[in-house]
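Comments concern the structure below.
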Amino acid sequence: MTQPFQGVQEGSMAQSFKPFYANFSPQLGGDGKEIKCYYVSTVVNAVSDIDVQPKRARKAPVSSSIKKSSEEFKSNKDRPWDVFGDKRLKEKKNGYTHVSLFSGVGGLDLGFRAAGFRTVWANDIDPDACETFRENLGEIEEGDIRNIKFPKLDQQLDVLSAGFPCQPFSNAGSRRGVDDSRGDLFNYALDAVKALKPKVVLFENVRGLLSAKIAKKFLIEEILRQLHNEGYDCQLKLVDASNHRVAQRRLRLLIVGVQRDSDLGPFRYPQEKHKAGLTIGETILNIPVDLPNQNELMQLNPQAIMLGLMVPEGGSWKDIPYDKLPERLKYISRNMEKYRWPKFYARFHRNDIAGTVTAAFKPENAGVWHPIESRVFSVREIARIQSFPDWFVFGGRNIKSKYQQIGNAVPPRLAYEVALEIVNVLEGHKPRTLSDFLKEKRPLRPSDKAIHYEP
Ligand SMILES: C[S@@+](CC[C@H](N)C(=O)[O-])C[C@H]1O[C@@H](n2cnc3c(N)ncnc32)[C@H](O)[C@@H]1O
């Protein structure tokens, strides 16, 4: 057997991890003896003689939309996190006001701050998320929203945002909806709207909210009805974060309500942008080893590591020989239709855009594997995939919690793009009408998407 230590380059990331010892049973291709492993490329060396070398990487799946816009990107580099600068972002003193419920680490708040908003009150129940929020953004009230009093404000609030917990409605969870103890929290978001009467409401959630039911009715209808009765004209849209300069395919439902009969402008969802510069390679492969949270990796059990190692770049569990699969996965592979063709152990290609970063960070359920190293993504890498800037540091009890905090967050860049549109609403920007265009005496172009046709 090759020396397990081979391949640890001096100064490489491997050196900063503690080695661990694992027994790989014959079913996993080992000989039952304990071997020393690192979480990075050494693991491949450590087990290379026991026939689990990953297959060759698949061909790079560069999509035409990524290729097409790469020239545009080179000339006008706009990395997802650039808008947040390279150090802690100060709040604008006279910015528009924002109350943030279910704030988590403040992914949404960061985006709003960059667009000129001032978060006057924020709340979350999770002490770890609150620690991270305080470290990077400032004050937050820690506690259960069910027991907390909403603040009294001296002037009308501009925006209230609430990303109530999505696990009850999420496909990645058990989908117990309103029967989950967290499934009724939307009521507190609605209570806050009633108490604070913001000019604009922004609710964020997963797609599963669209099919969740309460007392045999669709929950989304109930939420929209209550917002309507409170005087809000609402729109909702499923938005893919990768269309808004986030290096991740992440579908989220955005509900925006604007106070009716006011001098506010109408809300428009941000226009979709190009995807150049959003591949996994461009997002994480240049990260210096000494960045905060870069040396933090989730510890996996030896079986998960072995399975992950057998997956080539761009592959998934389908590349693992059947006889090396654990019994449970063997069973699923024989009943694919029943399990809806799961893509376990996906290892995205470096030229592809990352899949959704989830709070659970399970090695089999999401694309958590580094494309070219034999390990999962570090905390900093998934923070980048979520568009957090490198100065935003994640704290809390342990690494699992940090993954969870990031997986829960709204990608700050998506929040920023939406916040800019909300500024237009608050400034009362009306859409340009057909007569505005005609006055300009130029031909209409298909790109004139913002046009509002008058009756
Ligand atoms: C989907 S995350 C929100 C992410 C956040 N909006 C962001 O931009 O990063 C939902 C948050 O709700 C919080 N939460 C869950 N139950 C709560 C409760 N009873 N009271 C207050 N916060 C709660 C969780 O701790 C979690 O941070």
Check: For V289, V83, V200, what's the fewest-to-most ordering of other Cβ within 10 Å of each Cβ?
Finding: V289, V83, V200
Next item on the list: Would you list which aspartates and glutamates come within 19 Å of K77, measuring only between C-alpha atoms, while excluding same-chain residues fewer than 8 positions from it?
Entry: D86, E272, E282, D352, D390, E417
Margin query: Treating only the Cα positions of the stretch 279-360 as identical point scatterers, give the base-10 log of I(q)/I(0) from the Debye formula at each q in 0.17, 0.27 Å⁻¹.
Written below: -0.86, -1.39
Note to self: Taking just the alpha carbons, could you work out the radius of gyration and Dmax for the stretch 328-407, both in angstroms?
What the structure shows: 14.4, 47
Note to self: Are there any trypsin sites (Lys or Arg not before Pro) in the stretch 361-445 that are in a DSSP loop and have at most 16 other Cβ atoms within 10 Å? List them by number.
What the structure shows: R397, R432, K441
Check: So which of K152/K275; K318/K400; K149/K275 end up more than 31 Å apart, counting from Cα to Cα?
Finding: K152/K275; K149/K275
Checklist line | Amide H contacts of I214 (H built 1.01 Å from N, under 5 Å, at least 5 apart or other chain) | finding: L219
Notebook entry, point to check: Which order do E364, E427 fall in if you start with the one that has the fewest other Cβ atoms within 10 Å?
Noted result: E427, E364
Check: Fewest first, what order do H98, H370, H429, H274 take by the number of other Cβ atoms within 10 Å?
Finding: H429, H274, H370, H98
Item checked: Extension reserve of the R207-K149 stretch, reckoned as 0.36 nm per residue once the Cα distance is removed -> 17.9 nm
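FYI, it's all coordinate maths here, none of it is from the lab. Please read these numbers as outputs of a predicted model, since none were measured by experiment. Every residue, glycine as well, gets a Cβ built from its backbone with ideal geometry; the counts of neighbours run over all protein chains shown.
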